[in-house]
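Down below is the structure, laid out as C-alpha cells.
The values are calculated or read from the model by the stated rules, or taken from the named source; none is laboratory data. Keep in mind it's a predicted model, so treat the numbers as computed, not measured. Here Cβ is always computed from backbone atoms with ideal geometry, including for glycine, and neighbour counts include all displayed protein chains.
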Amino acid sequence: MSGVSFRRRAVNAVMLGLMGLCTLLAVGVLLFILGFLFVKGASSLNWAFLTKLPKPVGESGGGMANAILGSFKVLALATAIGFPIGFLAGVYLSEYGHGPFPAVVRYVTDLLNGVPSIVMGVFAYTLVVLPMKHFSAIAGGLALGVMMIPIAVRSTEEFLRGVPRDLREAAMALGSRKWRSIASVVVPTAAQGILTAVMLDLARVAGETAPLLFTSFNNRFWSPGWNQPTATLPVMIFTYAISPYDDWHRQAWAAGFLLLASIFAINIAARFLVSRGFSHSH
Amino acid sequence: MAVDTQVATVRPPLAYRARGILRGLQTGDEAAYLIVLTSAMAIIVLTGLLVLELFWNSSLTRHAFGWSFLWGRTWDPVFQKFGALPFIYGTVVTSALALLLAVPIGLGSALFLAELAPRRLSDALTFLVELLAAVPSVIYGLLGVFVLVPFLEAWVVPALKATLGFLPLFQGRFEGVSLFSAGVVLAIMIVPFIVSVSRGVLLAVPNDIREGALALGATRWETTWRFVMPSARKGIFGSIFLALARALGETMAVTMVIGNTPTISTSLLAPGYTIAAVIANEFTEATSDFYIHALVELGLVLFGLTILINGVARLLILTTSREAAR
C-alpha cells in the first residue's frame, strides 16, 4: 500500500519536474536568442550602418540606410492597404454581422490568415510584378497588406463587440443615426484596443521576408518613388547572411538586432497600452 | 381607408426600396452600410483572386504534367522537366521532425503554465513565450546558420551517431546544412504556438474536474494527465495541427539551413529542399514562362496543403471550446 503510494508520489514529482524543465527550456531559448542577438548585433551597429548606402559587393563598410527607409515605405503601404479594408470589414462583422454572408466573410478571413507568407508573395507577383514586368515597392506593400487584413478584421470585430450595448442604445436614444453612433461612440470607445491590434499586426508583418523576395526584391541604391525595386531590412538580412563576406555577416547581425528590437518594442508598447486600457475601463 | 391600403399595395415595391435607399443615403446610414459591406466583399474577392491567380499561372505545367507533377522525382529547369516529389518529401520530413521535437516540449510547458504555475508567473512566462513567436523567420535563419548548425555539428550529431548511428536516419556525412538542422529550427519556431494555444485550451477546462479528481486522492500529475488532458484533448490536437500548418509554410529559416538540394535521401543528416524554399530561391531566376508556372504550381500545392491542415485545426479547436462552454 505504502509502496504504491510511494511510486505514485515519485511519478508525480518526476512528471511535474519534467513539465517545469520544458518551460525552462522554452524560456531559455528565448533568453538565449535575445542575449545573443543583443551582444552580437549591438556591437555590430554603428553610425555608418544607419546612414550610408551599401558598398559595392565585397568591399567592407557602408550601411543599410536605403533598406531602413525601404522597410518603412513598404510597411506604410501595407498598412494603407490592409488596415482600411480590415477595419471596415471588422465594423461590418461586428455591427451588421448576422446571417449567412457574414459567416462566409469570417470563414474566408480565417482561410486568408492561414495562407503561407511565401504564397502571398507569389500572389502579389502574379498580380503586380507580371503585368508591370518589374519589381516594385507597390508589389511588396500589397503582399504584406493582404497579410495584415485577417488580424485587422478579427481584432476590430472583437474589440467593437466588447463595447457595451448600453452605449449604442444611449446614442440611438439621443436620436443619432446608426452610422453616427458607430463613428462617434462605438469606435472611439474601442479605439485603444484596435490601435493595439494594428500595432501587433504591423509588428507581425514587419519581419516578413519571403513575400518580399520577388515583389519589392532588393536594391543597392535609394529607390525614389514607389515603382522601383526596393531594399528592405529582412531581405538584406537574408542576402547578407548567406553571402561569403565577413563584413556582410556583421551587418546582417546589426540589421537583425535593429529589426528585432523594433518588433519587440512595438509588442511591449502594445501590451502596456492594453493593460492601461483595462485599468481605465474597470 | 380601404382604398388607401389598396393603393399602397399596388405601388411597385422597387420604387419603394429605391426611395428608401435614397433617403438612407441622405442620412448616411445606407452609405455607411455600403462602405463596410464593400470592404467585407473585398476580402472575399481578394481571396478568390488569390486562388484563381495561382490556378491560371500554373496552367502550362498543370496541362503538361497533370497529377504526375506531384510524384515526379526530377526537377530540371534546363530540360524543362518538373516534378515536386523531392520538395514534398523535404517539407513533410522537416515538419514531422519539428513536431516530434516540439510537441513534448510545448505540451510540457503548456501543462506547467496552465496547471502548476501561479497565475502571475504563468502570465509573465506566457508573455515571454509569445514574444518568441514574434521573432521573424529570417532571424531564426540567421541564428540557425551561425549558431545552431555549428552547435549541432559539434555536440548533437556526434552524440546521435554514437547512440543511434546504426539507424539509416543517421547515416552518412553531416554537412551542417541538412534536413535535421531545418527540423530543429522549425521545432524552435513552432513551440510558442503549441504552448500558447494549448495553455488557452487547458485554462478553459472547468476547475470542478481538477477539484473532483484531487478530492478523490489523485496526485497532481494524475489529475492533469487522466482528467484534465482528456477534456482538453481535441483542442490540444488542434494546436498541434495549427503548428504543423505553420511549419509546412515556413520559408526563410528553412531555406537558410536545409542545403537546397532537390534529392530524396533517407538520412536526416543529408541536405534537402522544401516547397517554400524552392519558391523563395528560384522565383527570381525563373526566366521562361514554363519555369514560372512550375513554381506557381508548387505554391498551389503548398496552399492546398496548409488550407487543409488549418481547416482540421480550426474544427478541432472549435469543437473543444463548444464542449467546454456546455
Assuming A:L50 fulfils every condition listed in (1) farther than 21 Å from A:A124 by Cβ; (2) within 21 Å of the chain's Cα centre (by Cα); (3) at pLDDT 90 or above apart from one, which condition is it?
(2)
Are there any pairs, at least 6 apart or on different chains, whose C-beta atoms fall under 8 Å, with the first in segment B:42-67 and surrounded by 13 or more Cβ atoms within 10 Å (Cβ to Cβ) and the second of a type in the set (A, V, I, L, M, F, W, C) and not in a helix (DSSP H, G or I), and if so, which?
B:L50/A:V115; B:T61/B:F82; B:F65/B:F82
Just to be sure, is B:T287 over 24 Å from A:V129 (Cβ atoms), more than 8 Å from chain A (Cβ to nearest Cβ), out of contact with any strand residue (DSSP E or B) (no Cβ under 9 Å at 6 or more places or on another chain) and without any contact (Cβ under 8 Å) to a residue 40 or more places away in the chain?
no
Collect the residues in segment B:163-195 that are among the polar types (S, T, N, Q) and buried (at least 19 other Cβ atoms within 10 Å of the Cβ), keeping them in residue-number order.
B:S178, B:S181
Hey, can you tell me all the residues within segment A:244-254 that are within 11 Å of another protein chain (Cβ to nearest Cβ) and without any contact (Cβ under 8 Å) to a residue 60 or more places away in the chain?
A:H249, A:A252
From B:N260, B:N281, grab the single residue that is on the phi > 0 side of the Ramachandran plot, surrounded by fewer than 22 Cβ atoms within 10 Å (Cβ to Cβ) and over 19 Å from the mean Cα position of the chain (by Cα).
B:N260
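Table: residues versus (1) closer than 19 Å to B:T274 by Cβ; (2) at pLDDT below 95; (3) not in a helix (DSSP H, G or I).
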{"residue": "B:G66", "(1), (2), (3)": "no, yes, no"}
{"residue": "B:V78", "(1), (2), (3)": "no, yes, yes"}
{"residue": "B:A96", "(1), (2), (3)": "yes, no, no"}
{"residue": "B:L99", "(1), (2), (3)": "yes, no, no"}
{"residue": "B:I105", "(1), (2), (3)": "no, no, no"}
{"residue": "B:R120", "(1), (2), (3)": "no, yes, no"}
{"residue": "B:A124", "(1), (2), (3)": "no, yes, no"}
{"residue": "B:L128", "(1), (2), (3)": "no, yes, no"}
Residue check: is A:K40 more than 14 Å from chain B (Cβ to nearest Cβ) and either of a type in the set (D, E, K, R) or in contact with a Cys (Cβ under 9 Å, 6 or more places away or on another chain) (or both)?
no
Need the failing condition index for A:F49 against (1) without any contact (Cβ under 8 Å) to a residue 12 or more places away in the chain; (2) crowded, with 19+ Cβ neighbours inside 10 Å; (3) aromatic (F, W, Y), just the number.
(1)
Residue under question is A:S181, and the condition is that it be surrounded by fewer than 24 Cβ atoms within 10 Å (Cβ to Cβ), outside any helix (DSSP H, G or I) and within 11 Å of another protein chain (Cβ to nearest Cβ); does it hold?
no
So B:S109, is it more than 15 Å from A:L18 (Cβ to Cβ), within 10 Å of another protein chain (Cβ to nearest Cβ) and of a type in the set (S, T, Y):
no
Looking at segment B:114-148, which of the residues that are within 27 Å of B:S178 (Cβ to Cβ) and of a type in the set (S, T, Y) is nearest to the other protein chains (Cβ to nearest Cβ)?
B:S137
Filter segment B:226-246 for residues that are within 10 Å of chain A (Cβ to nearest Cβ) and either at pLDDT 95 or above or within 14 Å of B:V92 (Cα to Cα) (or both); which is surrounded by the fewest Cβ atoms within 10 Å (Cβ to Cβ)?
B:R246
Which of the residues that make up segment A:87-103 are part of a helix (DSSP H, G or I), more than 7 Å from every other protein chain (Cβ to nearest Cβ) and out of contact with any Asp or Glu (no Cβ under 8 Å at 6 or more places or on another chain)?
A:F87, A:E95, A:P100, A:F101, A:P102, A:A103
Condition test on A:G70, is it surrounded by 16 or more Cβ atoms within 10 Å (Cβ to Cβ) and over 26 Å from the mean Cα position of the chain (by Cα)?
no
Determine whether segment A:134-141 contains at least one residue that is buried (at least 20 other Cβ atoms within 10 Å of the Cβ), in contact (Cβ under 8 Å) with a residue 40 or more places away in the chain, at the interface with chain B (Cβ under 7 Å from one of its Cβ atoms) and assigned to a helix (DSSP H, G or I).
no
Restricting attention to segment B:70-84, and to residues there that are of a type in the set (F, W, Y) and surrounded by fewer than 21 Cβ atoms within 10 Å (Cβ to Cβ), which single residue is farthest from B:A253 (Cα to Cα)?
B:F79
Being assigned to a helix (DSSP H, G or I), modelled with pLDDT under 90 and touching a helix residue (DSSP H, G or I) at 6+ places or on another chain (Cβ under 8 Å) narrows A:L25, A:L30, A:L16 down to just A:L30
Among B:F146, B:F87, B:F151, which is the only one that is touching a helix residue (DSSP H, G or I) at 6+ places or on another chain (Cβ under 6 Å) and either at pLDDT 90 or above or buried (at least 24 other Cβ atoms within 10 Å of the Cβ) (or both)?
B:F87
Of (1) surrounded by fewer than 17 Cβ atoms within 10 Å (Cβ to Cβ); (2) closer than 30 Å to B:F227 by Cα, B:V103 fails just (1)
Going by what's in this entry, would A:F257 be described as farther than 30 Å from A:A89 by Cβ, of a type in the set (F, W, Y) and within 11 Å of chain B (Cβ to nearest Cβ)?
yes
Residue check, B:L113 against (1) crowded, with 23+ Cβ neighbours inside 10 Å; (2) not assigned by TED's automatic domain parsing to the domain that holds B:G235, all met but one. Which one?
(2)
